[in-house]
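**Q** Can you keep this structure in mind? I'll have questions shortly.
The values are calculated or read from the model by the stated rules, or taken from the named source; none is laboratory data. All of these numbers come straight from a predicted model, not from anything done at the bench. Positions of Cβ are generated from backbone atoms using ideal geometry, with glycine treated the same way; all protein chains shown enter the neighbour counts.
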């Protein structure tokens, strides 16, 4: 069941009491390196253009359809011997309004990583993980970034299940399904990474099983993607002889051709993995430039070429001031607010028990200041 703010606070307090008891038994340290906003580098094998003409204008779609957008966000709270991850889910619907996890949608919102002997002493709390998706402990060699990736994907899958059958279009912030290096041909050495690979693989298979033709992915971080340099048409256009990330290629195309507004594609994308059979995706690249010359790029993905053609106009018709599809920006802001609120609550309870690392202390003060500024701005708006 979804949890109230009061229930979340009580669960964190219970976890805090358990940590305070267990902490006395910890003699080692865990790997606390990590970044909640870390990029996921994509591994791709085959990318090709579907049609000879890859430059298209943005079409307008006036008719109303039901649209939902989904995104997740994570925050870290770290001690030299305990890693904790907090995840928030944001869902916006133009027919149902706003829902967030864990408050409206039941998700696992917290995970704890430390030594296995100590994790075994935790009493289970609903919404709190000490084991991954395939029932393996988040031990001291488990990267905190990997824990966060798993919890976010699990949360987004829950949001997709709830909305895929009730909307004409469901937009996921990010790719339709993950294609990171650890799911391609990569052989992992670390036991912690192998356990992560096993869990992430199952979560990815679950994501693919959830997908329907009305689900579309929008990828904003193209600096971590190297797809376009493999397309023969693009190679001929730019004379490329070595790998370049998609953001740089789109920048070069914009400068060389003057293509400042429109869709590039469609492209066929195939991912080869020795661990699972990945379905083919089709994608457009959206190129936007505002009057002062600022540019923005993103990739729009679908399992169906026909669905991509039909649904893309509904996504690109509404663009925010930051040159991002508006539905994605709403879900992104929602999920960040939820993960920030979970982090603030947990910090205020747990900072008396654990030795919070410096970076996370700074994050706490920045989040509180940002919240205070938002409330002040809201009050000023009400008074004008």
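**Q** Can we say residue 132 is under 27 Å from residue 331 (Cβ atoms), modelled with pLDDT of 95 or more and buried (at least 22 other Cβ atoms within 10 Å of the Cβ)?
**A** yes
**Q** Against the condition part of a strand (DSSP E or B) and in contact (Cβ under 8 Å) with a residue 40 or more places away in the chain, how does residue 299 come out, does it pass?
**A** yes
**Q** Which condition breaks for residue 118 when tested against (1) in a loop (DSSP other than H, G, I, E, B); (2) in contact with a strand residue (DSSP E or B) (Cβ under 9 Å, 6 or more places away or on another chain)?
**A** (1)
**Q** Taking the range 171-187 only, how many residues are closer than 26 Å to residue 73 by Cβ and surrounded by fewer than 14 Cβ atoms within 10 Å (Cβ to Cβ)?
**A** Of the residues in that region, 1 qualify.
**Q** Could you tell me which of the residues 58, 107 is assigned to a loop (DSSP other than H, G, I, E, B) and either modelled with pLDDT under 95 or surrounded by fewer than 21 Cβ atoms within 10 Å (Cβ to Cβ) (or both)?
**A** Answer to the selection: 58.
**Q** Also: Hey, can you tell me all the residues within the range 337-359 that are surrounded by fewer than 21 Cβ atoms within 10 Å (Cβ to Cβ) and part of a helix (DSSP H, G or I)?
**A** If the condition is that a residue be surrounded by fewer than 21 Cβ atoms within 10 Å (Cβ to Cβ) and part of a helix (DSSP H, G or I), then 337, 341, 344, 345, 348, 349, 350, 358, 359 are the ones that fit.
**Q** Could you give me the residue pairs with C-beta distances under 8 Å whose first residue belongs to the range 308-327 and is at negative phi and without any contact (Cβ under 8 Å) to a residue 40 or more places away in the chain, whose second residue is crowded, with 16+ Cβ neighbours inside 10 Å and part of a strand (DSSP E or B) wherever it lies, and which are 6+ apart or on separate chains?
**A** 318/325; 319/288; 319/325; 322/296; 326/319
**Q** Here's another thing I want to ask about it. Considering only the range 290-316, state which residues are loosely packed, with under 15 Cβ neighbours inside 10 Å and farther than 27 Å from residue 270 by Cβ.
**A** 290, 291, 292, 293, 294
**Q** Could you please let me know if residue 233 is farther than 28 Å from residue 330 by Cα and either touching a helix residue (DSSP H, G or I) at 6+ places or on another chain (Cβ under 9 Å) or surrounded by fewer than 22 Cβ atoms within 10 Å (Cβ to Cβ) (or both)?
**A** So residue 233 fits the description; yes.
**Q** Could I ask something else about it? Please go through the range 172-194 and pick out each residue that is over 16 Å from the mean Cα position of the chain (by Cα) and either under 30 Å from residue 330 (Cβ atoms) or at pLDDT 95 or above (or both).
**A** Residue satisfying the conditions is 183 alone.
**Q** Any idea which of (1) over 25 Å from residue 164 (Cα atoms); (2) touching a residue at least 60 places away in the same chain (Cβ under 8 Å); (3) assigned to a strand (DSSP E or B) is the one residue 125 doesn't satisfy?
**A** In the conditions (1) over 25 Å from residue 164 (Cα atoms); (2) touching a residue at least 60 places away in the same chain (Cβ under 8 Å); (3) assigned to a strand (DSSP E or B), residue 125 misses (3) alone.
**Q** Related question: Look at residue 219 and say whether it is modelled with pLDDT of 90 or more, closer than 16 Å to residue 282 by Cα and under 20 Å from the mean Cα position of the chain (by Cα).
**A** Criteria met by residue 219.
Okay, residues lined up against (1) farther than 17 Å from residue 153 by Cα; (2) over 22 Å from the mean Cα position of the chain (by Cα):
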residue: 43; (1), (2): yes, no
residue: 73; (1), (2): no, no
residue: 79; (1), (2): yes, yes
residue: 89; (1), (2): no, no
residue: 104; (1), (2): yes, no
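**Q** Which residue is farthest from the chain's Cα centre (by Cα), if the candidates are limited to the range 140-163 and must be assigned to a loop (DSSP other than H, G, I, E, B) and crowded, with 18+ Cβ neighbours inside 10 Å?
**A** Once the filter is applied, the top-ranked residue is 140.
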